[in-house]
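> Handing you a structure now.
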Amino acid sequence: MLSAEKGAMLEQVFATDGTLAHAIGDYRPRAQQLEMAQKIAAAIENNQALIAEAGTGTGKTFAYLVPSLLWGGKVIVSTGTKNLQDQLFERDLPRVRNALGAPVTVALLKGRANYLCHHYFERAQSEGQFASKRDVEHLKRIAWFAKITQTGDKAESGVPEDAPVWHQVTSTRENCLGQNCAHYKECFVFKARKDAQEADVVVVNHHLFFADLALRDGGVTELLPAANTIIFDEAHQLPDTATNFFGVTLTSGQLLDLLRDTLVEGRAHARDGADWTALTAPLEHAIREWRLHFGGGSGRWTQTAIPQPQTFSSVLTQVAEKLAALVQALESQAPRAESLALCYQRSLELQMLLTQWQDESEMEDEGAAEIRWVETTSHGVQLHRTPLNIAPLFSRHREGRPRAWIFTSATLAVRKNFSHYAQQLGLEEAQTGYWGSPFNYAEQAMLFVPPRMPVVHSPEFLPALFEAAWPLLQATKGGVFFLCTTLRAVDRIAELMQERYEVLNESEQRPVLIQGQASRNILLEKFRKAGNAILIGSQSFWEGVDVTGEALSLVIIDKLPFAPPDDPVLAARLQVLEKNGGNPFMDYQLPQAVITLKQGAGRLIRSETDRGVLMIGDTRLVEKPYGRLIWQSLPAFKRSREIEEVCTFLAGEKVD
C-alpha cells in the first residue's frame with residue numbers, strides 16, 4: 001500500500017490545477033495516469049516488481065517519472081530504442097524534473113558503438129580505406145564534430161548513424177584499449193559511464209542493459225548494485241532482447257573484423273614478425289566459402305538440420321584450422337603492442353566459441369536448456385547458442401539487494417491477463433496493473449475485417465487483400481500504413497500498388513513509400529511531410545512510430561502476426577512446452593501474436609482528435625474461436641464487415 005502522505009502528494013502533482021498543469025502548458029490530467037503513478041509509487045515504496053500496461057494516451061512516461069524522481073533513489077530507466085532514449089532524456093525527463101523542482105542529476109548512457117573513439121578516429125584518418133566519396137565526406141564531418149562535441153554521441157554529429165564510416169571510428173568491447181589507450185582520460189565512453197555512476201537518474205536502452213548483464217562490460221553492471229528502482233519502458237521487447245543477449249553468437253563479421261584489425265596492427269607493430277597477409281588471406285577465403293555453402297538469400301537451420309551437413313562440417317573445419325594458425329601467430333607477437341594483445345585475446349575468444357558450437361558432446365536433446373542453430377543473411381553467417389528459457393537467467397540478475405522493478409508498455413496483457421509475459425521473465429510474483437486508453441475508440445476508430453477472403457497462405461490472398469483495401473485507399477484523404485508480416489508480402493503489395501497507379505492520372509497519385517527504398521527515419525519523415533502518403537512496410541514499422549492527425553488515417557495489417565514456423569528457437573520452445581503438458585498454440589503462439597498485433601493496431605489512434613480505420617485482412621479474427629480473445633484484447637473499436645460503411649466512416653461521416 002502507498003502511504004497517505006505520498007498518495008496526497010501525487011494527487012496534487014497530477015491535479016487539473018496541480019504541479020504539472022502549472023509548469024507544462026499542454027499537460028492534460030488523466031485518471032488513469034494518476035492511478036498508474038500511485039501503483040508505481042507503492043511498488044517503489046515496498047521494493048516490489050510491477051507489470052503495468054497503459055493504453056495509448058495514458059501518459060505512462062509521466063506516471064513513472066514523477067514517483068521515480070520524488071522517491072525512487074538511484075533510478076535506471078531503460079527504453080526500447082535509442083530514439084526513445086533520446087526523447088526521454090532530452091524532452092520528457094527535463095520537463096518533469098523542472099516541474100517538480102526535483103534536485104536530481106541525470107545522465108544518458110548508450111553502448112560504446114554510439115561514441116566516437118579518439119584512437120580509431122585517428123587511425124581512420126591516417127590509414128582508413130573508404131569505399132566511396134560519401135565515406136570520405138562523412139569522415140570530414142566527423143572530424144569537425146570531434147572538435148566541438150562534449151559527448152561524442154554520434155546521434156549529435158549530423159552523420160547518419162548507419163553510415164559505414166562509423167564502423168572505423170568507434171570501438172567495440174573486443175578492440176577497446178582501455179586504460180592503455182593514450183586517449184583514455186578524454187574517452188567519451190569512459191566519461192559517459194562516469195557521469196552515469198554519479199547521476200541519480202540514468203537513461204539506458206534495453207540492448208545496452210542486457211548486453212551489459214550478459215557480458216559484464218562495465219556499464220550497467222556498475223550501476224545496478226547501487227540502483228533502488230529499475231524501470232523498463234516498452235517492456236514488451238524484453239523477452240526477445242534478453243534471449244538475444246543471454247545467448248551466444250559467433251558471426252562471420254566478427255571474424256572478418258578480427259582479420260582487418262590484425263592486418264592493420266600487425267603491419268604497424270610487428271611487420272617483421274609474420275607475413276600478415278599470408279596469415280589472414282586463407283582465413284578470409286575460408287569464411288567466404290562458409291557463407292557460399294548456403295547459396296544466396298537468408299535462412300535458419302538447427303544444428304541437426306543444416307543442408308549438406310558433411311560439406312558444412314568440412315567448411316567449418318577449414319575456418320577453425322585457419323583461425324588456429326592466426327591464433328598461434330598472434331600469441332607470439334602479442335607482447336609487442338597492446339593492440340596486438342587485444343587481437344590475440346579476441347582470436348582466443350572466437351576460437352572458443354567456434355569449438356563450443358562444434359562440440360557434439362553438447363548437442364541439444366529434448367530437455368536441453370539451449371538450442372544451437374545457424375542463420376544466414378546477405379552479409380554473412382551467424383552461429384547461435386540460444387537459451388530456451390530466460391526466466392531463471394533474468395531472475396538470477398534480479399536477486400540480491402531489494403529494489404523496485406517496473407515493467408510498463410501499452411502491450412503486455414492478453415485480455416488483461418499478464419501470465420504469459422510474467423512466465424517469460426520469471427515474474428509470476430509481480431504485482432500487476434492495467435489501464436486502458438482514455439481515447440474514445442468507439443467514436444474515433446473502426447475495425448474492418450473484409451468478408452470472403454482466401455486463406456492467408458494461399459497465392460490468392462495478397463491480391464485479394466489489395467482489392468479489398470483499394471476502396472479504402474480511395475476513400476481516405478489521409479496517410480496509410482500498409483503493414484505486412486513478411487518482406488515477401490511487402491514486395492508483392494508494392495508491385496500491386498505500382499501496377500494500379502500506372503492506370504491513374506498522375507494528378508491523382510499520392511506518394512508510395514516502400515520499406516527498403518530508404519532508411520526507416522527518412523521514410524517516416526517523408527510520410528509525415530506528405531500528409532497523404534501510403535507507406536508499405538513490415539515489422540520495423542509496427543511499433544515506435546507516432547503519427548497524429550490525418551497524416552495517418554488508415555492502418556492495414558495483412559494477417560495475424562503469428563511467428564514464422566521455421567524459427568528454430570520458437571520450434572524448440574514449443575516442443576519443450578508440449579513435452580511438459582502445455583498447449584503450444586494457446587499458451588505461447590497466440591499470446592505472442594496478440595501482443596504483436598496490439599503494437600501494430602496502436603499506430604492508428606495517437607490523440608483525442610485522431611480518427612481512422614484499422615483493417616485486418618485475416619478472417620480468422622472473426623471466424624476462429626480464438627479470434628474473440630484477440631479482438632477483445634484490442635481497444636474497443638467500432639466493428640464492421642461492410643465496405644460501404646467503412647468508406648463512409650473514412651469520409652468523416654457519422655456511422656450508427
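> Please enumerate the residues belonging to the stretch 157-177 that are assigned to a loop (DSSP other than H, G, I, E, B) and either of a type in the set (Val, Ile, Thr) or open to solvent by less than 50 Å² (accessible area, probe 1.4 Å) (or both).
The first filter runs over the stretch 157-177 and keeps only residues assigned to a loop (DSSP other than H, G, I, E, B), leaving 157-165, 170-177.
Correct list: SER157, VAL159, ALA163, VAL165, THR170, SER171, THR172, ASN175, CYS176, LEU177.
> Assuming GLU90 fulfils every condition listed in (1) in contact (Cβ under 8 Å) with a residue 40 or more places away in the chain; (2) within 17 Å of VAL201 (Cα to Cα); (3) open to solvent by 30 Å² or more (accessible area, probe 1.4 Å) apart from one, which condition is it?
Exception for GLU90: condition (1).
> Restricting attention to the stretch 299-310, which residues are touching a residue at least 40 places away in the same chain (Cβ under 8 Å) and among the polar types (S, T, N, Q)?
Matches in the stretch 299-310: THR302, GLN303, THR304.
> Here's a follow-up. Scan the stretch 575-592 and give yes if some residue there is open to solvent by 10 Å² or more (accessible area, probe 1.4 Å), touching a Ser or Thr at 6+ places or on another chain (Cβ under 6 Å), of a type outside the set (Phe, Trp, Tyr) and more than 23 Å from LEU473 (Cβ to Cβ), otherwise no.
No, the conditions are met nowhere in the stretch 575-592.
> Among the residues of the stretch 513-526, is any surrounded by fewer than 19 Cβ atoms within 10 Å (Cβ to Cβ), over 27 Å from VAL594 (Cα atoms) and in contact (Cβ under 8 Å) with a residue 24 or more places away in the chain?
yes
> Give me a count of the residues in the stretch 8-36 that are more than 26 Å from the chain's Cα centre (by Cα), under 23 Å from PHE418 (Cβ atoms) and either crowded, with 20+ Cβ neighbours inside 10 Å or small (Gly, Ala, Ser) (or both).
Let us first name the residues in the stretch 8-36 that are more than 26 Å from the chain's Cα centre (by Cα), namely 8-32, 34-35.
Now narrow it down to the ones that are under 23 Å from PHE418 (Cβ atoms): 30-32, 34-35.
Next, only the ones that are either crowded, with 20+ Cβ neighbours inside 10 Å or small (Gly, Ala, Ser) (or both) stay: 31-32, 34.
Count: 3.
> Ok, one more. Looking for something closer than 21 Å to HIS206 by Cβ, in contact (Cβ under 8 Å) with a residue 40 or more places away in the chain and open to solvent by less than 10 Å² (accessible area, probe 1.4 Å) - is there at least one such residue anywhere in the stretch 454-463?
no
Table: residues versus (1) farther than 22 Å from ARG403 by Cα; (2) of a type in the set (Gly, Ala, Ser); (3) touching a residue at least 12 places away in the same chain (Cβ under 8 Å).
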site	(1), (2), (3)
ASN180	yes, no, yes
LEU223	no, no, yes
ALA227	no, yes, yes
ILE231	no, no, yes
LEU238	no, no, yes
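> Now a separate question. Could you tell me which of the residues ASP212, ASP240, ASP272, ASP217 is in a helix (DSSP H, G or I), surrounded by fewer than 22 Cβ atoms within 10 Å (Cβ to Cβ) and among the acidic types (Asp, Glu)?
Testing whether each residue is in a helix (DSSP H, G or I), surrounded by fewer than 22 Cβ atoms within 10 Å (Cβ to Cβ) and among the acidic types (Asp, Glu) leaves just ASP240.
> Turning to a different aspect of this structure: I need a count of the residues in the stretch 2-41 that are free of Cβ contacts under 8 Å to residues at least 40 places away in the same chain and in contact with a Leu (Cβ under 9 Å, 6 or more places away or on another chain).
8
> From LEU340, LEU348, LEU353, LEU326, grab the single residue that is touching a residue at least 60 places away in the same chain (Cβ under 8 Å), under 32 Å from the mean Cα position of the chain (by Cα) and closer than 28 Å to ASN180 by Cβ.
After applying the criteria, what remains is LEU353.
> If I filter the stretch 597-615 down to residues being buried (at least 21 other Cβ atoms within 10 Å of the Cβ) and β-branched (Val, Ile, Thr), which single residue comes out as modelled with the lowest pLDDT?
ILE605
> Just to be sure, is LEU255 closer than 30 Å to ARG398 by Cβ and either part of a loop (DSSP other than H, G, I, E, B) or at pLDDT 95 or above (or both)?
So LEU255 does not fit the description; no.
> Name the single residue that is farthest from MET1 (Cα to Cα) among those in the stretch 383-415 being open to solvent by less than 30 Å² (accessible area, probe 1.4 Å) and out of contact with any strand residue (DSSP E or B) (no Cβ under 9 Å at 6 or more places or on another chain).
Per the stated criteria, the residue is ILE390.
> So, one more: Of all residues in the stretch 44-85, count the ones that are among the acidic types (Asp, Glu) and either open to solvent by 10 Å² or more (accessible area, probe 1.4 Å) or modelled with pLDDT under 95 (or both).
Residues flagged as among the acidic types (Asp, Glu) and either open to solvent by 10 Å² or more (accessible area, probe 1.4 Å) or modelled with pLDDT under 95 (or both) within the stretch 44-85 amount to 1.
> Restricted to the stretch 178-197, and to residues that are over 17 Å from TYR120 (Cβ atoms) and touching a helix residue (DSSP H, G or I) at 6+ places or on another chain (Cβ under 9 Å), which residue is most open to solvent (accessible area, probe 1.4 Å)? Before the answer, list the steps.
Going through the stretch 178-197, the residues over 17 Å from TYR120 (Cβ atoms) turn out to be 193-197.
Those still in the list that are touching a helix residue (DSSP H, G or I) at 6+ places or on another chain (Cβ under 9 Å) too: 193, 196-197.
Numbers: ARG193: 45, ALA196: 0, GLN197: 91 Å².
For the stretch 178-197, the residue satisfying everything is GLN197.
> List the pairs whose first member sits in the stretch 616-631 and is within 15 Å of GLN592 (Cα to Cα) and open to solvent by 50 Å² or more (accessible area, probe 1.4 Å), whose second member is among the hydrophobic types (A, V, I, L, M, F, W, C) and in a helix (DSSP H, G or I), and whose Cβ atoms are under 8 Å apart, counting only residues at least 6 apart or on separate chains?
TRP631/LEU621; TRP631/VAL622
> List the residue pairs whose Cβ atoms are under 7 Å apart, where the first residue sits in the stretch 429-442 and is closer than 8 Å to ALA52 by Cβ and touching a residue at least 12 places away in the same chain (Cβ under 8 Å), the second is open to solvent by 20 Å² or more (accessible area, probe 1.4 Å) and outside any loop (DSSP other than H, G, I, E, B), and the two are 6 or more positions apart or on different chains.
Final answer for the pair search is GLY433/LYS39; TRP435/GLN32; TRP435/GLU35.
> Select, from GLY266, GLY296, the only residue that is touching a residue at least 40 places away in the same chain (Cβ under 8 Å) and open to solvent by less than 30 Å² (accessible area, probe 1.4 Å).
Checking each option against the conditions leaves just GLY266.
> Which condition number in (1) open to solvent by 40 Å² or more (accessible area, probe 1.4 Å); (2) in contact (Cβ under 8 Å) with a residue 40 or more places away in the chain; (3) over 18 Å from the mean Cα position of the chain (by Cα) is the one that GLY544 fails?
Going through the list (1) open to solvent by 40 Å² or more (accessible area, probe 1.4 Å); (2) in contact (Cβ under 8 Å) with a residue 40 or more places away in the chain; (3) over 18 Å from the mean Cα position of the chain (by Cα), GLY544 breaks only (3).
> From the set of residues in the stretch 138-156 that are surrounded by 15 or more Cβ atoms within 10 Å (Cβ to Cβ) and of a type in the set (S, T, N, Q), which is nearest to ARG193 (Cα to Cα)?
My answer is THR151.
Residue-by-condition table, conditions (1) open to solvent by 30 Å² or more (accessible area, probe 1.4 Å); (2) of a type outside the set (A, V, I, L, M, F, W, C); (3) modelled with pLDDT under 90:
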| site | (1), (2), (3) |
| --- | --- |
| GLY478 | no, yes, no |
| THR486 | yes, yes, no |
| ALA489 | no, no, no |
| ARG492 | yes, yes, no |
| GLU495 | yes, yes, no |
| LEU504 | yes, no, yes |
| SER507 | yes, yes, yes |
| LYS529 | yes, yes, no |
| ILE534 | no, no, no |
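The values are calculated or read from the model by the stated rules, or taken from the named source; none is laboratory data. Here the structure is a predicted model, which means the values were calculated and not measured. Note that each Cβ is placed from the backbone with ideal geometry, even for glycine, and that neighbours are counted across all protein chains shown. Quick note on the areas: whole protein, heavy atoms, side chains included, nothing else; ligands and nucleic acids left out. Shrake-Rupley method; radii C 1.70, N 1.55, O 1.52, S 1.80 Å.
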